[in-house]
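The structure appears right after this line, and notes come after that.
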Amino acid sequence: MLTTVLTLVALLLCIVLLVRWRVRTNADWALWWHDNYLERIRDFLSGTTRPVRILKYVQRCANSGDVLSVISAIDAYCSKVEWAMNVGDEKGAILDAVVLETRPRYVLELGTYCGYSTLRIAHLLAPGARLITLEMNPHYAQVAIEMFRHAGLDAQVELLVGSSSALIPQLRKKLDIEKFDLVFIDHWKVSYLPDTKLLEECGLLKAGSVLLADNVTCPGAPDYLQYVRNSPRYQSQYFPARLEYLQVEDGVEKSVFLG
């Protein structure tokens with residue numbers, strides 16, 4: 001009897017270890033586990049949402065008015081407590097480098113979520129630069145606003161709520177902006193390509209505008225990659241990395257608009 005119990009315990013432990021390993025190293029398993037299973041359980045048990053849980057952690061652990069403290073707190077929570085699809089620290093360093101290299105005056109972000117990447121961009125911008133971020137989900141947008149406020153950067157970020165396909169054609173008139181120097185793309189992957197073409201059609205890109213697209217490997221945006229890598233209007237470069245806070249292969253694509 002004891003042997004049978006020990007065998008079952010050992011088998012269960014092996015299954016748990018196997019699942020844990022697959023979640024950390026396989027894209028499909030990782031996204032299924034964190035977004036379709038674990039998040040829903042936490043939401044049910046806590047009566048809150050993952051963005052709210054991240055915000056509450058930041059408000060407890062990060063220094064008010066200190067953007068780097070807020071970024072570090074989000075990284076700590078998402079790597080040690082509960083995973084979330086921010087750009088993350090590893091790919092965040094690539095984003096930082098592109099911002100510093102581009103030195104943009106006008107920045108557009110597609111997909112705000114909790115505001116992590118927005119903060120990484122905002123604190124590197126020169127005085128007078130403008131950062132516009134678009135978020136379709138009103139709940140995410142409200143959390144992001146509170147995140148910006150805690151970091152002391154709420155006055156430096158312009159957040160618009162609505163679908164990118166509806167907002168992009170309004171940007172020129174609504175914000176009095178002619179062209180964007182940098183566009184960070186990190187929303188619905190199926191929207192990467194149509195929104196890029198919409199930016200072109202609306203005349204919001206100029207020669208030298210930089211598009212930086214996250215998660216082009218995981219979950220992936222194959223039609224977008226096909227377009228920017230083969231269009232004579234772009235010069236593209238791939239930066240391999242890992243999916244935020246995991247060992248899963250991912251990467252970002254930097255594409256310079258040639259006009």
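Listed values, structure above:
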{"item": "Residue within the range 139-161 that is among the aromatic types (Phe, Trp, Tyr) and either within 23 Å of Tyr227 (Cα to Cα) or surrounded by fewer than 14 Cβ atoms within 10 Å (Cβ to Cβ) (or both) present", "result": "no"}
{"item": "Filter pass, Arg60 being of a type in the set (Lys, Arg), out of contact with any Leu (no Cβ under 8 Å at 6 or more places or on another chain), modelled with pLDDT under 95 and open to solvent by 20 Å² or more (accessible area, probe 1.4 Å)", "result": "no"}
{"item": "Selection status of Glu135, in contact with a Leu (Cβ under 8 Å, 6 or more places away or on another chain) and either over 25 Å from Leu243 (Cβ atoms) or open to solvent by 30 Å² or more (accessible area, probe 1.4 Å) (or both)", "result": "no"}
{"item": "Unmet requirement for Asn86, which otherwise passes all of (1) at pLDDT 95 or above; (2) open to solvent by less than 30 Å² (accessible area, probe 1.4 Å)", "result": "(1)"}
{"item": "Positions within the range 235-255 being surrounded by fewer than 19 Cβ atoms within 10 Å (Cβ to Cβ), in contact with a strand residue (DSSP E or B) (Cβ under 8 Å, 6 or more places away or on another chain) and touching a residue at least 24 places away in the same chain (Cβ under 8 Å), in sequence order", "result": "Phe239, Arg242, Glu249"}
{"item": "Given (1) assigned to a strand (DSSP E or B); (2) in contact with a Cys (Cβ under 9 Å, 6 or more places away or on another chain), number of the condition Glu158 does not satisfy", "result": "(2)"}
{"item": "Failed criterion for Ser79 (all others in (1) within 15 Å of the chain's Cα centre (by Cα); (2) within 16 Å of Asp214 (Cβ to Cβ); (3) open to solvent by 50 Å² or more (accessible area, probe 1.4 Å) hold)", "result": "(2)"}
{"item": "All positions within the range 172-194 that are under 21 Å from the mean Cα position of the chain (by Cα), in a helix (DSSP H, G or I) and closer than 16 Å to Ser209 by Cβ", "result": "Tyr192"}
{"item": "Filter result for Leu199 (at pLDDT 95 or above, assigned to a strand (DSSP E or B) and crowded, with 20+ Cβ neighbours inside 10 Å)", "result": "no"}
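The values are calculated or read from the model by the stated rules, or taken from the named source; none is laboratory data. Treat the numbers as computed from the prediction; the structure is a model and nothing was measured. Every residue, glycine among them, receives a Cβ derived from its backbone with ideal geometry; neighbour counts consider all protein chains shown. Please note that ligands, DNA and RNA were not included when accessible areas were found on the heavy atoms of the full protein model with its side chains. Shrake-Rupley method; radii C 1.70, N 1.55, O 1.52, S 1.80 Å.
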